[in-house]
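Participant: Before we start, here is the structure in question, set down as structure tokens.
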Amino acid sequence: MKYVSTRGAGEPVGFFEAFSNGLAPDGGLYVPQGFPFLPSDLLTDEPLPYPALAWDFLSLYDSDHEGDDLIKLVDESYGDFSEEMSAPLTQLSDNLFILELFHGPTLAFKDFGLQLVGNLFEEQIKRTGESINVLGATSGDTGSAAIHGLAGKDGVNVFVLYPEGRISKLQERQMTCTGAKNIFPIPIKGTFDDAQAIVKELMGDLEFKDKMNLSAINSINIARVLAQSVYYIHAFMQLPPENKGDVNFVVPTGNFGNVFAGWMAHKMGLPVEQFVVATNRNDMLYNFFNSGLYEAGEVSPSFAPSMDIQVASNFERFLFYHTGKDAGETVEQMAKIKTDGKLNLPHFGRDNFTATKSTDDDILRNIAMVKEKYDYVIDPHTACGFQDLDQNKTNVVLATAHPAKFPEVTKKAIGEIVTEESLEALKEKTQKRYPLDATAAAVRAFVEKNAAE
Ligand SMILES: *Cc1c(COP(=O)(O)O)cnc(C)c1O
């Protein structure tokens, strides 16, 4: 399989190159040249163990690994997940299911992508003999998942900027208590956008990027998206036969990476009626799928902080397919978003996407409703998925994080909290943090001083 940029420049590249570049050199995002059909026995036979399914799926997209290398990589990536099935499907009622994606090391679905990415980086370092420095900004879950994918690995140092005081205490502990020497969590005084701007500035300085061999961890990396397609198939295989005819996947959404991964599986033959893009009060995608107007507002903090995003970085992939893979038109539309702050496509084809939105009050109400009706506790992100469910369909709601990660909101909603062993253990550990001024110069000097050997 080869990958092309949504902006059309350059020659198609293989899996290794698409992975190591992250962003294509023309500023576009990589997409596979085609969607291979899922082998039909994958959908009809007994459910496979998760790593076996992941291998079957990823080998359709990766022609660069040789022999058993991909099998080994996938086994290493998902061996640490706490449930044997990794992504268990829990049935709440006749036609309502929860896909639990929070059994990885940092208790959020981002582990599925970033465990694999960590091992791919390790392998790249061995193959090329060049050490790398990973630089990223996080509003919580991406940073901790990336840190746990890379902690203790040789030849890579990880620098993660986050806004001091604006991520949850447990999210901070997940990043600062690893005890690994190659991990540098950096609180800055400012917002997530400030952190992101510093990362963008340093990544944009090509001389510095080259000298430090800087790599990114954000969800534009195609390897992360592919890794996430796997659990949609895994969920479908676990459904009772009578539910397989009318499946809606309901996906709490921020950067549009997770739901896009599901849509790719659908294009490969996974039978899905609808993808429900569930947003919080940051409702840019909700508005788009309801009216065709894509217009950025201010990001407003919510009870579901990992979805506090307005401009969704994976949206460019959606545009590319909806222009009939027309890179020229995609470039025009992206430029319009940049210059006008909006894009209006009133007659665009929605394909099988619909959208809902949840206010903070809706989030509290949905957590309480699910607890009362099904005696099951969901986290505030997952709660957005329970808004305006179409009761006539089989709904599979993706549970994107463990409720123990967000005790304050859970307490507010149902008067009790859920605990989890690995999070409790963190409370005893010492934190290691490297606070810096919120300037690119300060971060640049720090990365230079602490770069991987
Ligand atoms: C990142 C995240 C999301 C949003 O996922 P996207 O791929 O950005 O759409 C939802 N819930 C949780 C818990 C997350 O960490």
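The values are calculated or read from the model by the stated rules, or taken from the named source; none is laboratory data. Worth saying up front: this structure is predicted, and the values here are computed from it rather than measured. Don't worry about glycine lacking a Cβ; one is built from the backbone with ideal geometry, like all the others, and counts go over all protein chains shown. When the accessible area is computed, the model is the full protein with side chains, heavy atoms only, and any ligands, DNA or RNA have been set aside. Shrake-Rupley method; radii C 1.70, N 1.55, O 1.52, S 1.80 Å.
Participant: Looking at the range 280-318, which GluC sites (Glu not before Pro) are in a loop (DSSP not H, G, I, E or B) and have at most 13 other Cβ atoms within 10 Å? Display every interim value, and only then the final one.
Facilitator: Numbers: sites: Glu295, Glu298, Glu316; in loops: Glu298.
Passing sites in the range 280-318 are Glu298.
Participant: Also, quick follow-up: Could you give the nm distance between label points at Asp94 and Thr419, where each point is 7 Å from its Cα heading toward the beta carbon?
Facilitator: 4.0
Participant: Counting other Cβ atoms within 10 Å, keep those with at most 11, restrict to DSSP loop, and tell me which trypsin sites (Lys or Arg not before Pro) in the range 175-283 are left.
Facilitator: The qualifying sites are Lys181.
Participant: What is the distance, in nm, between label points placed 7 Å from the Cα along the Cα-to-Cβ direction at Lys338 and at Leu43?
Facilitator: It is 3.9 nm.
Participant: Test of the criteria: in the range 8-108, which chymotrypsin sites (Phe, Trp or Tyr not before Pro) are in a DSSP loop and have at most 13 other Cβ atoms within 10 angstrom of their Cβ?
Facilitator: Numbers: sites: Phe15, Phe16, Phe19, Tyr30, Phe37, Trp55, Phe57, Tyr61, Tyr78, Phe81, Phe97, Phe102; in loops: Phe37, Tyr61, Phe81, Phe102.
Hits after loop and neighbour filter: Phe37.
Participant: Given a 1.4 Å probe, how much area per residue of the chain is accessible, in Å²? Please list the in-between numbers first.
Facilitator: Values: 18520 Å² over 453 residues.
I get 41 Å² per residue for the chain.
Participant: Using the Karplus curve 6.51 cos²θ - 1.76 cosθ + 1.60 with θ = phi - 60°, what ³J(HN,Hα) values do you get for each residue of the range 315-330, in whole Hz, with x for Gly and Pro?
Facilitator: Calculated HN-Hα couplings, in order: 4, 4, 5, 4, 4, 4, 6, 7, 9, x, 6, 9, 5, x, 5, 4 Hz.
Participant: Another question, if that's okay. Report the gain in length on full extension from Arg127 to Leu345: 0.36 nm times residue separation, minus Cα-Cα distance, nm rounded to one decimal. It would help to have the intermediate numbers written out before the result.
Facilitator: Working: separation 218, 0.36 × 218 = 78.48 nm, distance 4.50 nm.
Separation in residues times 0.36 nm, less the Cα-Cα distance, equals 74.0 nm.
Participant: Further question: Based on Cα coordinates alone, diagonalise the gyration tensor for the chain, multiply each eigenvalue by 5, take square roots, and list the semi-axes in whole Å, largest first. The partial results should precede the final answer.
Facilitator: On the way: eigenvalues 179, 138, 112 Å².
Over the Cα atoms of the chain, the ellipsoid semi-axes are 30, 26, 24 Å.
Participant: Also, quick follow-up: FRET efficiency for Ala180 and Lys72, Cβ-Cβ distance as r, R0 = 22 Å, nearest 0.05?
Facilitator: On the way: r = 22 Å, r/R0 = 1.01.
The formula returns an efficiency of 0.50 here.
Participant: Relative contact order (percent) for the chain, with alpha-carbon contacts under 8 angstrom and 6 or more residues of separation?
Facilitator: 19
Participant: If R₀ is 41 angstrom, what is the calculated FRET efficiency for the pair Asp80 and Asp205, using the beta carbon separation as r and rounding to 0.05? Mind dumping the intermediate values first?
Facilitator: On the way: r = 35 Å, r/R0 = 0.86.
Once the sixth-power term is evaluated, E becomes 0.70.
Participant: Checking the table Lys200/Lys267; Lys357/Lys412; Lys244/Lys342; Lys209/Lys429 against a 30 Å threshold on Cα-Cα, which pairs fail?
Facilitator: On the way: Lys200/Lys267 32 Å; Lys357/Lys412 20 Å; Lys244/Lys342 38 Å; Lys209/Lys429 34 Å.
Exceeds cut-off: Lys200/Lys267; Lys244/Lys342; Lys209/Lys429.
Participant: Could you calculate the contour length gain from Ala442 to Lys2, that is, 0.36 nm times the residue separation minus the distance between their Cα atoms, to one decimal place in nm?
Facilitator: Details: separation 440, 0.36 × 440 = 158.40 nm, distance 3.89 nm.
The Ala442-Lys2 span can extend by a further 154.5 nm.
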